[in-house]
1. What's the total number of residues in region B:294-329 that are open to solvent by 20 Å² or more (accessible area, probe 1.4 Å) and of a type in the set (Val, Ile, Thr)?
2. Let me confirm something: among A:Arg226, A:Arg188, which residue is of a type in the set (Lys, Arg), modelled with pLDDT under 95 and either within 20 Å of A:Ala82 (Cβ to Cβ) or surrounded by fewer than 17 Cβ atoms within 10 Å (Cβ to Cβ) (or both)?
3. So B:Asp205 fits all but one of (1) more than 15 Å from B:Asp268 (Cβ to Cβ); (2) open to solvent by less than 50 Å² (accessible area, probe 1.4 Å); (3) in a loop (DSSP other than H, G, I, E, B); what number is the exception?
4. Which condition from (1) on the phi > 0 side of the Ramachandran plot; (2) at pLDDT below 95; (3) among the small types (Gly, Ala, Ser) is the one that B:Ser53 breaks?
5. Would you confirm whether any residue within region B:55-64 is assigned to a loop (DSSP other than H, G, I, E, B) and in the same structural domain as B:Thr29 (by TED's automatic domain parsing)?
6. How about region A:88-110: which of its residues are in a loop (DSSP other than H, G, I, E, B) and touching a Gly at 6+ places or on another chain (Cβ under 8 Å)?
7. Residues in region A:78-100 that are within 7 Å of chain B (Cβ to nearest Cβ), open to solvent by 10 Å² or more (accessible area, probe 1.4 Å) and over 18 Å from B:Ala57 (Cβ atoms): how many?
There are 2 protein chains.
Amino acid sequence: MKFIHTSDWHIGRQLHNQSLLEDQRHVLTQIVELAKSNEVDAVVIAGDIYDRSVPPANAVALLDEVVNQLVNELGIKVIMIAGNHDGHERLGFASRQMQQSGLYIIGPLTSHIEPIVLQGKQGGAAFYPLPYAEPATVRHLYDCAASTHEEAMIALLEAVTAHDSQGLPKVVIGHCFLDGGSESESERPLSIGGADKISPSLFKDFDYTALGHLHGPQYKGQEHTRYSGSILKYSFSEQKQKKSVTLVEFDADNKPQISLLPLTAMRDVRIVDGALDELLAAAENDANRDDYLMVRLSDKHAILDAMGKLRSVYPNVLHLERTGLMASNEQLGIRADHIKKGELEMFADFFSQVSGEPLTQAQQQMMVDTIDALHKSEDNQ
Amino acid sequence: MKFIHTSDWHIGRQLHNQSLLEDQRHVLTQIVELAKSNEVDAVVIAGDIYDRSVPPANAVALLDEVVNQLVNELGIKVIMIAGNHDGHERLGFASRQMQQSGLYIIGPLTSHIEPIVLQGKQGGAAFYPLPYAEPATVRHLYDCAASTHEEAMIALLEAVTAHDSQGLPKVVIGHCFLDGGSESESERPLSIGGADKISPSLFKDFDYTALGHLHGPQYKGQEHTRYSGSILKYSFSEQKQKKSVTLVEFDADNKPQISLLPLTAMRDVRIVDGALDELLAAAENDANRDDYLMVRLSDKHAILDAMGKLRSVYPNVLHLERTGLMASNEQLGIRADHIKKGELEMFADFFSQVSGEPLTQAQQQMMVDTIDALHKSEDNQ
C-alpha cells in the first residue's frame with residue numbers, strides 16, 4: 001500500500017484579498033501528477049479541504065475537477081475528512097453514493113468510526129477517518145465525559161484500537177493540534193484557552209497517523225505521526241517553509257517508508273526588505289518578480305505612492321510596511337505578536353488597557369462563550 | 001419503466017420567516033414511501049432542489065438522508081437537475097463519482113447532453129437531463145445564436161432528437177416556463193421582460209417531458225408535457241392547489257400512463273377570513289389549527305395585539321391583514337398585483353410615480369442589466 005498524505009488545501013482561500021485559485025490549481029495539478037508518477041494506491045487529505053464552510057462556486061468546481069482526475073481518470077482512491085474550516089454537512093453530501101467509485105468523503109463525525117479497508121497493488125491498509133469535531137460533539141455521540149480535545153481523541157481512538165484490521169497496517173486520519181507542534185499565522189485556533197492540545201503519544205501504536213491543521217510539514221513524538229502541511233504558503237510567516245506532500249509506503253513488516261515530495265508554487269510568498277530605489281533597481285534581474293510580496297521599506301523619509309511604484313515592477317505586492325518610518329522596532333514586534341494571539345487573549349489585552357483591570361473569571365468565561373457562539377453561527381450559515 | 005416525476009422541492013425554504021424543514025421532511029418521507037409502494041424504477045426531480053444557491057446545512061443533511069433512502073436502501077435510481085434556484089456547481093460536485101450508485105445529479109449544463117439510459121423491471125427509457133441555463137450559457141456552450149429561452153431550448157433539444165434511443169421511450173427533464181403555464185406567487189421569474197416563455201409544442205414528439213419551475217401541477221400542449229408542481233404550498237396564492245407527484249409508466253407502445261399521487265402536508269397553508277371573535281371561537285373545533293394561516297380580519301375597529309390573540313389559539317398565523325380597516329378594497333388589489341410583478345415592472349411603476357415620466361429605453365436596459373447582475377452575484381456567493 002502506497003499513498004500520498006496531504007492536507008490543508010484551503011481551496012478558495014485569499015491572501016491579503018488576492019484570490020489564490022490559480023495558484024491552488026497549479027499545485028493541485030502537481031499532486032495529481034505525483035500520484036500518477038509514483039503509482040500510489042490512494043490520496044489521503046486530512047481536512048481543511050476548503051477554506052470556509054461555504055466555499056465559492058469556483059472552489060467547488062476546482063475540487064470536482066481534481067477528484068475526477070484522481071478517481072475516475074487514474075483509478076486512485078481518495079479519502080478526505082472535514083477539518084475545522086470545512087462545512088461538515090455540505091462536504092459530506094451524498095458521500096454514501098460516492099464510495100463505490102473510490103471516493104470517500106467523511107463530513108460530520110458519526111457515532112461509529114467506519115474503517116476504510118483498501119487493497120493496493122502491493123498489500124492493503126485500514127484507514128480510520130476522524131473528521132474534526134468539538135469535544136461537545138464527541139461527548140454527545142460517544143456518550144463520554146470528554147471536555148478537552150485530548151479526551152475526545154482518546155474516546156475516538158478506542159474504536160480504532162478495538163478494530164481488527166486482519167494484520168493490515170492501521171492508518172489514523174485526523175485534524176487536530178498536537179502538543180509541541182509548530183504553528184503558522186494562517187491557522188485558525190481550534191479552541192479558545194488552550195484546551196485544544198493533544199499528546200502525540202496517543203498515536204504511537206498506530207502504523208501511521210496522517211494529520212492536518214498545522215501548515216508546516218512536521219512530525220511530533222514519533223516519525224510516523226505527521227503533519228503533511230498545507231499545499232501553499234498561506235501567510236508571510238511561512239516564507240521559510242518548504243511545502244510538500246508526504247509519500248508513505250508500508251513494507252512487509254507494516255513499517256512506513258516516508259518521503260517528502262516537494263511542491264512548487266506558481267508564485268512564491270516572501271518578504272523583501274530594502275530601500276525603495278534598491279528594490280526598484282533589483283526588479284529587472286528578479287525572475288520571480290510576480291511572487292506575492294510583503295515589502296518592508298527601510299527608507300526613513302516620506303514617499304509618494306510607494307505601493308504604486310513598487311507594483312509597477314512587482315505586480316503582486318500584497319502588503320507594505322514602512323519599517324524605516326516607524327518610531328521604534330518594538331511597535332512592529334507588538335503588532336506581529338498580536339496577530340499570533342487568539343481572540344480571547346487580544347480582547348483581554350484590550351480590556352486591561354482600557355479599564356486598567358484584568359478580566360475576572362466570570363468575564364473571561366462570558367467571552368469564551370461569545371467567541372464560541374460566533375464561530376458556531378459562522379459554521380451554520 | 002415506471003418512475004415518479006417530482007420537482008420544486010425548495011429544501012430550506014421559509015414561508016414568512018417560518019422554517020419549513022420539518023414540513024419538507026414529512027412530505028419527502030411520503031415520496032420515499034410512494035416510490036417504494038409503487039415499486040418505481042426511478043425518481044426524477046426536475047430542478048429547484050434547494051431554495052437557494054447556498055442552502056443551509058440542515059437542508060443539505062435532509063436531502064442527503066432522502067437520497068440515501070431511495071438509492072442505497074431501496075435501490076431506486078434518482079435523477080435530479082439544477083433549477084434556477086440551485087447553485088449549479090455546488091449541487092453538481094462529485095456527481096461523476098455518484099453515478100455508479102444510481103444517483104445522477106446534473107448541475108451545470110455541459111456542451112454535450114449525456115443521455116441516462118435506465119433499465120427498469122419492465123423495459124427501459126432514455127432520460128435527457130437539461131438543467132436550467134440562461135440563453136447566454138447555451139449560446140456559449142452550443143455555439144449558436146439563441147437569445148431567448150425558447151431558442152436556447154431548441155438548440156438543446158436538437159441533441160435529444162438526434163440521439164438514437166434504440167427504441168426506448170425518450171424522457172426530457174427540464175426546468176423552464178411553458179407559454180400559457182399557470183403561475184403561483186412563489187416562483188422566481190426566469191428572466192426579466194418576458195423572454196422566458198417556451199412553446200409547449202417543442203416537446204410534443206418526445207414520449208414524456210418532466211418539467212419543473214411552475215408550482216401548480218399541470219400539463220401544457222399535450223398531456224405528456226407536464227409540471228409535477230412543488231411538494232408544498234410555498235405561498236398563500238397556492239391555497240387551492242392539490243400537491244402531488246406524477247407517476248409515469250410506459251406501456252409496450254412507449255405510451256406513458258400518467259397518474260397523480262397526492263401528497264399530504266403536515267400543516268396546510270390557507271387563508272382565513274372573519275371577525276376576530278368568530279375566529280377565536282371557531283378555533284376550538286378546528287382540528288387543523290396548527291396550519292400556516294393568513295388571517296384577514298373583517299373587524300372595522302382597532303384591536304390591541306390582534307396577532308397575539310390569534311396566535312394563542314392558531315399558533316402558526318404567519319400573516320395578518322386588517323381588511324376591515326382598509327379604506328378601500330382597491331388598495332388590497334394593487335398590493336396583490338404588485339407582488340405578482342417582476343422587479344423591472346415594479347421599479348418602472350415606482351419611477352413613473354416619482355418622476356412623472358416613464359423609463360426611457362436606455363434607463364430600462366440599465367435596470368435589466370442591474371437586476372441580472374444582482375441575481376448573478378447572488379448565485380456566485
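1. Counting residues in region B:294-329 that are open to solvent by 20 Å² or more (accessible area, probe 1.4 Å) and of a type in the set (Val, Ile, Thr) gives 3.
2. Values: A:Arg226 fails: modelled with pLDDT under 95.
The conditions single out A:Arg188.
3. Exception for B:Asp205: condition (2).
4. Only one criterion is unmet by B:Ser53, namely (1).
5. Of the residues in region B:55-64, the ones assigned to a loop (DSSP other than H, G, I, E, B) are B:55-56.
Subsequent filtering for residues that are in the same structural domain as B:Thr29 (by TED's automatic domain parsing) retains B:55-56.
Within region B:55-64, one or more residues are assigned to a loop (DSSP other than H, G, I, E, B) and in the same structural domain as B:Thr29 (by TED's automatic domain parsing).
6. Applying the first criterion (in a loop (DSSP other than H, G, I, E, B)) to region A:88-110 yields A:93-94, A:98, A:102, A:107-110.
Correct list: A:Phe93, A:Gly102, A:Gly107, A:Pro108.
7. Summing the residues that are within 7 Å of chain B (Cβ to nearest Cβ), open to solvent by 10 Å² or more (accessible area, probe 1.4 Å) and over 18 Å from B:Ala57 (Cβ atoms) in region A:78-100 gives 1.
Matching residues to (1) of a type in the set (Val, Ile, Thr); (2) touching a Phe, Trp or Tyr at 6+ places or on another chain (Cβ under 8 Å):
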position: B:Leu21; (1), (2): no, no
position: B:Thr29; (1), (2): yes, no
position: B:Ile45; (1), (2): yes, yes
position: B:Tyr50; (1), (2): no, yes
position: B:Pro55; (1), (2): no, no
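The values are calculated or read from the model by the stated rules, or taken from the named source; none is laboratory data. The structure displayed is predicted, hence computed values, not measured ones. Neighbour counts run over all protein chains shown; Cβ positions are idealised from the backbone, glycine included. The area values use the complete protein model at the heavy-atom level, side chains included, leaving out ligands, DNA and RNA. Shrake-Rupley method; radii C 1.70, N 1.55, O 1.52, S 1.80 Å.
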